[in-house]
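Here's the structure, in structure tokens; my notes come after.
The values are calculated or read from the model by the stated rules, or taken from the named source; none is laboratory data. Being a predicted model, the structure only gives us computed values, none of them experimental. Cβ sites come from the backbone with ideal geometry, for glycine too, and all protein chains shown count toward neighbours. For accessibility, only protein heavy atoms count, side chains too; no ligands or nucleic acids. Shrake-Rupley method; radii C 1.70, N 1.55, O 1.52, S 1.80 Å.
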Amino acid sequence: MSAAVPPEARAVVARNFPAAWVAPAAFAALPQKVSSLLQRIGTLDGVPVVSRGPAGLEALACFQTVEAARDAVQTLHGTDLRTAAEKRTANFQAPNESERFWLQVAAEVGVSVNSTPPPVVLAPGGGASTAAPVNAAGVTLATSSTAGRPIVAVATEGVRKRIKVNGVYLSPLPPSWADSDVKLLASPYGTVEAVKMEKLPDGQTGAYIDYQKDSAASSARGGLDGLSLMGARMRCVMQEEPEPPKPTRQFVIYVDELSMPSRPKVQPKLDDHELFVTDLPRKSQSEDGVRAWASNFGDVDDVMLLRDLDKRNIGKAYVRFRSHGDALKALKGLASSTEGSKQAWWSESERAFRGTRGPYGVDVLRRLAGEGGVRLQEIRQAHG
């Protein structure tokens with residue numbers, strides 16, 4: 001019987017994150033950013049754990065398979081993940097080694113899955129500290145390195161957040177305080193619409209305070225933050241709330257319509273039968289018309305005419321010939337044609353469906369969709 005695969009063999013360690021990922025305002029979303037990047041390669045077991053190791057800030061993520069971990073390292077290690085703004089600031093110079101994304105299999109760099117340091121969360125002033133307790137709402141309570149008291153609620157779930165402009169969060173409050181006590185303290189800054197109390201892990205109390213006006217919340221934050229109450233220094237911060245879904249406009253685009261400046265140059269195979277054709281003749285405004293026009297070059301097996309959302313012909317079509325020879329003859333014929341500016345090339349859509357059997361030897365659809373379609377799910381969730 002074969003030995004069980006240790007978790008370190010399918011886990012990876014990531015370092016050298018882009019500056020935009022570890023900025024104070026974005027640090028709380030670092031596990032989700034790492035997860036989104038890695039899941040383009042394969043499915044993960046849970047959310048990556050961010051910690052401060054001997055080499056600095058790092059993330060440990062565990063894939064479901066050893067192959068996915070190795071594929072991730074081969075694909076992502078050493079890549080330049082800097083934003084366009086960061087590249088522009090560096091005058092488009094090549095990145096330093098410390099700016100290249102670093103990714104290795106945990107087993108190969110001596111990192112144990114079961115002995116990782118505690119997770120890191122964002123602490124006051126933009127620094128990082130070890131993780132504090134998590135409340136019932138799934139919110140990590142970051143703690144001050146001096147007072148040891150919860151001071152700011154940082155959302156750690158993979159939901160896009162924004163500042164709630166009419167709400168503040170106030171803590172720590174005396175355990176005996178009720179809604180009426182909080183309203184009495186908060187009302188000098190404006191009309192209070194709602195107060196929601198919560199118990200904190202250290203026995204103290206926190207309160208979510210919603211004001212009628214945004215300006216009142218801003219005034220309360222300035223007036224209550226740092227106020228001493230019964231021997232404790234309170235912190236008042238703006239609340240966060242989920243971003244509303246962005247309006248989206250649905251449209252369909254085919255892979256062959258995309259610009260492909262880096263399209264690999266490979267020799268076509270005998271099972272390349274399909275062409276993508278643009279700038280069709282005006283008389284070919286239907287599938288039958290395209291079929292009749294394409295039949296001048298060889299036996300046509302199938303035609304799919306591309307249309308816009310209003311079902312109008314956009315002058316593009318996929319034409320599948322019955323043999324590779326006919327398709328090649330059509331390709332050469334279109335290349336030498338003097339009618340208009342017609343263009344044609346081998347169908348990338350057909351090649352993608354052939355996976356590793358295609359001329360590239362790579363499963364393109366798996367790379368695009370992610371293991372189990374996870375990348376497509378991410379896109380669907382991001383756009384509501």
Would you confirm, using the coordinates I've provided, whether LYS342 is over 30 Å from SER36 (Cβ atoms), modelled with pLDDT under 80 and surrounded by 14 or more Cβ atoms within 10 Å (Cβ to Cβ)?
yes
Among the residues of region 168-179, is there at least one that is touching a helix residue (DSSP H, G or I) at 6+ places or on another chain (Cβ under 6 Å), modelled with pLDDT of 80 or more and closer than 20 Å to ALA26 by Cα?
yes
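Could you grab me the full set of residues in region 274-286 that are under 17 Å from ALA344 (Cα atoms) and of a type outside the set (Ser, Thr, Tyr)? Lay out the reasoning, then the answer.
Of the residues in region 274-286, the ones under 17 Å from ALA344 (Cα atoms) are 274-282, 284.
GLU274, LEU275, PHE276, VAL277, ASP279, LEU280, PRO281, ARG282, listed by residue number.
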Among the strands (runs of 3 or more DSSP E) confined wholly to region 230-337, which include 2 or more residues that are more than 30 Å from LYS164 (Cβ to Cβ) and open to solvent by 40 Å² or more (accessible area, probe 1.4 Å)?
300-307, 313-321
Among the residues of region 78-92, are any open to solvent by less than 50 Å² (accessible area, probe 1.4 Å), under 15 Å from VAL105 (Cα atoms) and either in a loop (DSSP other than H, G, I, E, B) or not acidic (Asp, Glu) (or both)?
yes
How many residues, within region 48-59, are open to solvent by 20 Å² or more (accessible area, probe 1.4 Å) and touching a residue at least 60 places away in the same chain (Cβ under 8 Å)?
3
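Is at least one residue of region 32-39 touching a residue at least 60 places away in the same chain (Cβ under 8 Å) and open to solvent by 50 Å² or more (accessible area, probe 1.4 Å)? Steps first, please.
If we filter region 32-39 for residues that are touching a residue at least 60 places away in the same chain (Cβ under 8 Å), which is where we start, we get 32, 35-36, 39.
With open to solvent by 50 Å² or more (accessible area, probe 1.4 Å) added as a condition, the list becomes none.
No: zero hits.
In this structure, does ARG320 turn out to be touching a strand residue (DSSP E or B) at 6+ places or on another chain (Cβ under 6 Å), modelled with pLDDT of 80 or more, among the charged types (D, E, K, R) and at negative phi? Even if it seems obvious, please write down each step before you answer.
Values: touching a strand residue (DSSP E or B) at 6+ places or on another chain (Cβ under 6 Å): yes; modelled with pLDDT of 80 or more: yes; among the charged types (D, E, K, R): yes; at negative phi: yes.
The answer is yes for ARG320.
Among the listed residues ALA14, ALA69, ALA3, ALA25, identify the single one that is modelled with pLDDT of 90 or more, not in a helix (DSSP H, G or I) and not basic (Lys, Arg). Write out each step before concluding.
Details: ALA69 fails: not in a helix (DSSP H, G or I); ALA3 fails: modelled with pLDDT of 90 or more; ALA25 fails: modelled with pLDDT of 90 or more.
Being modelled with pLDDT of 90 or more, not in a helix (DSSP H, G or I) and not basic (Lys, Arg) holds for just one of ALA14, ALA69, ALA3, ALA25, which is ALA14.
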SER347: passes all of (1) open to solvent by less than 40 Å² (accessible area, probe 1.4 Å); (2) farther than 19 Å from VAL252 by Cα; (3) polar (S, T, N, Q) but (2)
Top-ranked residue in region 221-243 [being of a type in the set (Gly, Ala, Ser) and over 35 Å from the mean Cα position of the chain (by Cα); ranked as modelled with the lowest pLDDT]:
GLY231
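Given the structure, is THR356 more than 23 Å from PRO264 (Cα to Cα), among the β-branched types (Val, Ile, Thr) and modelled with pLDDT under 85?
Values: more than 23 Å from PRO264 (Cα to Cα): no; among the β-branched types (Val, Ile, Thr): yes; modelled with pLDDT under 85: yes.
In short, no.
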